[in-house]
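Let me begin by presenting the structure, written as structure tokens, before commenting on it.
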Amino acid sequence: MTAVDLGLPGVPGTNNGAPRPDTPALIDTFGRIASDLRVSLTDRCNLRCTYCMPAEGLDWMPGGEMLSEAELGRLIRIAVEQLGVTNVRFTGGEPTLRKGIETIIAAAAALTPRPRISMTTNAIGLSRRARSLADAGLDRINVSLDTLRQDRFTEITRRDRLSDVLDGLAAAQSAGLAPVKVNSVLLRGVNDDEAVPLLRYCVDNGYHLRFIEQMPLDPQHGWNRSEMVTAEQILDMLRAGFELTPSPTPRGAAPAERWLVDGGPAEVGVIASVTRPFCGDCDRTRLTADGALRSCLFSQTETDLRGPLREGASDDDIAQLWRSTMWAKLAGHQINEAGFAQPLRPMSAIGG
Ligand code: SAM
Ligand code: SF4
């Protein structure tokens, strides 16, 4: 491969000065290649999880600032056809609140090569829509569920909707959105006694459970390292109820470390974003609902794609902007380093 100069200024935290290989792929200075696109469809949500949003919600993005269906379709097409993206995950906010989500999914599913299409959702309303989402081309789903107790669900999400979520999970399973994955965040003193019941429930129902360490991405800046339930603590709690052995399946770029439960085939995953960062294997690139491109959840900078799109940029111009943004991706998220600063956007406006 020959080198091309993208005219990037020196970016602290990257392998400065390294020549960018002449490849269409989204490579960075550390040799990582992003092939997994996370697309946030809205920053709005119908829940108010305490670790994600304040009770009153946030200042939602104005409609005109959000990418239209056509703009989203074009950017996803460029990512797949020109930049080597093979996986597209829709998220938010709550992606199912986005009008026309089936059309957006169908457009992605019509691309060649067809990307694998997934969604991260709180599953409210999924009991009615899982089938139409699957028919549109959705392949897999991740559902967030932090507790099986109704009182706690209402405390954590500030909405009394546990039964909707459980029905949504079952509907996703029936619609063939397999494997149905469940994401759980454990909060100290709130639901940290539910590691074993959550895993029992998921194993019994054929769902794949992954615990996620809480990250400093909440707009209230309430994250506290000493309060965080760590991956090691989660594994210790699980070992009180199950025998865990390391999964023989290679991890690749997947963020979860996986364990066989009682000898398998059921597995449980733990995503130790804070205590055992997996940035060295990251293959993600992110697009916010208002058209900002981010190379990392924790990026302090982003690249506006909406402006160029609306000013008539060509597909090649957009692809090149995308490549130069990813080329400048930092080595890691720096949560564990002195001077770490949270990004300005909270998780719900980036896309979790
Ligand atoms: N509303 C959808 C949902 O809840 O699945 C999609 C967006 S939500 C931001 C995506 C995931 O991020 C959820 O599993 C949620 O639990 C997780 N999340 C939100 N804030 C988090 C934080 N500070 N640390 C770790 N995970 C977080
Ligand atoms: Fe909404 Fe998901 Fe945030 Fe909960 S975690 S408030 S469901 S965006």
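The values are calculated or read from the model by the stated rules, or taken from the named source; none is laboratory data. Keep in mind the model is a prediction, meaning the values are calculated, not measured. Counting neighbours? That spans all protein chains shown, and the Cβs are built from the backbone with ideal geometry, glycine included. The accessibility values were calculated without ligands, DNA or RNA, using every heavy atom of the protein model including side chains. Shrake-Rupley method; radii C 1.70, N 1.55, O 1.52, S 1.80 Å.
May I ask you to verify whether residue 79 is in contact (Cβ under 8 Å) with a residue 24 or more places away in the chain, more than 10 Å from ligand 2 (Cβ to nearest atom), in contact with a Gly (Cβ under 7 Å, 6 or more places away or on another chain) and not in a loop (DSSP other than H, G, I, E, B)? No, not satisfied. Quick check on the range 180-191. Is at least one of its residues within 16 Å of ligand 2 (Cβ to nearest atom), in contact with a helix residue (DSSP H, G or I) (Cβ under 8 Å, 6 or more places away or on another chain) and among the small types (Gly, Ala, Ser)? Among the residues of the range 180-191, at least one is within 16 Å of ligand 2 (Cβ to nearest atom), in contact with a helix residue (DSSP H, G or I) (Cβ under 8 Å, 6 or more places away or on another chain) and among the small types (Gly, Ala, Ser), which makes the answer yes. Residue 289 passes every criterion in (1) under 20 Å from residue 185 (Cα atoms); (2) hydrophobic (A, V, I, L, M, F, W, C); (3) assigned to a loop (DSSP other than H, G, I, E, B) apart from (1).
Is it fair to say residue 136 is small (Gly, Ala, Ser), out of contact with any Asp or Glu (no Cβ under 7 Å at 6 or more places or on another chain) and open to solvent by less than 50 Å² (accessible area, probe 1.4 Å)? Show your work before the answer.
Values: small (Gly, Ala, Ser): yes; out of contact with any Asp or Glu (no Cβ under 7 Å at 6 or more places or on another chain): no; open to solvent by less than 50 Å² (accessible area, probe 1.4 Å): yes.
It is false that residue 136 is small (Gly, Ala, Ser), out of contact with any Asp or Glu (no Cβ under 7 Å at 6 or more places or on another chain) and open to solvent by less than 50 Å² (accessible area, probe 1.4 Å).
Pairing each residue of the range 261-278 that is within 16 Å of ligand 2 (Cβ to nearest atom) with any residue that is aromatic (Phe, Trp, Tyr) and in a strand (DSSP E or B), provided the two are 6+ apart or on different chains, yields C-beta distances under 9 Å for 271/211.
Could you tell me whether residue 268 is farther than 29 Å from residue 344 by Cα and among the β-branched types (Val, Ile, Thr)?
So residue 268 passes the test.
Answer yes or no as to whether residue 113 is open to solvent by 10 Å² or more (accessible area, probe 1.4 Å), in a helix (DSSP H, G or I) and either over 26 Å from residue 274 (Cα atoms) or at pLDDT 95 or above (or both). Before the answer, list the steps.
Details: open to solvent by 10 Å² or more (accessible area, probe 1.4 Å): yes; in a helix (DSSP H, G or I): no; either over 26 Å from residue 274 (Cα atoms) or at pLDDT 95 or above (or both): yes.
No: the conditions fail for residue 113.
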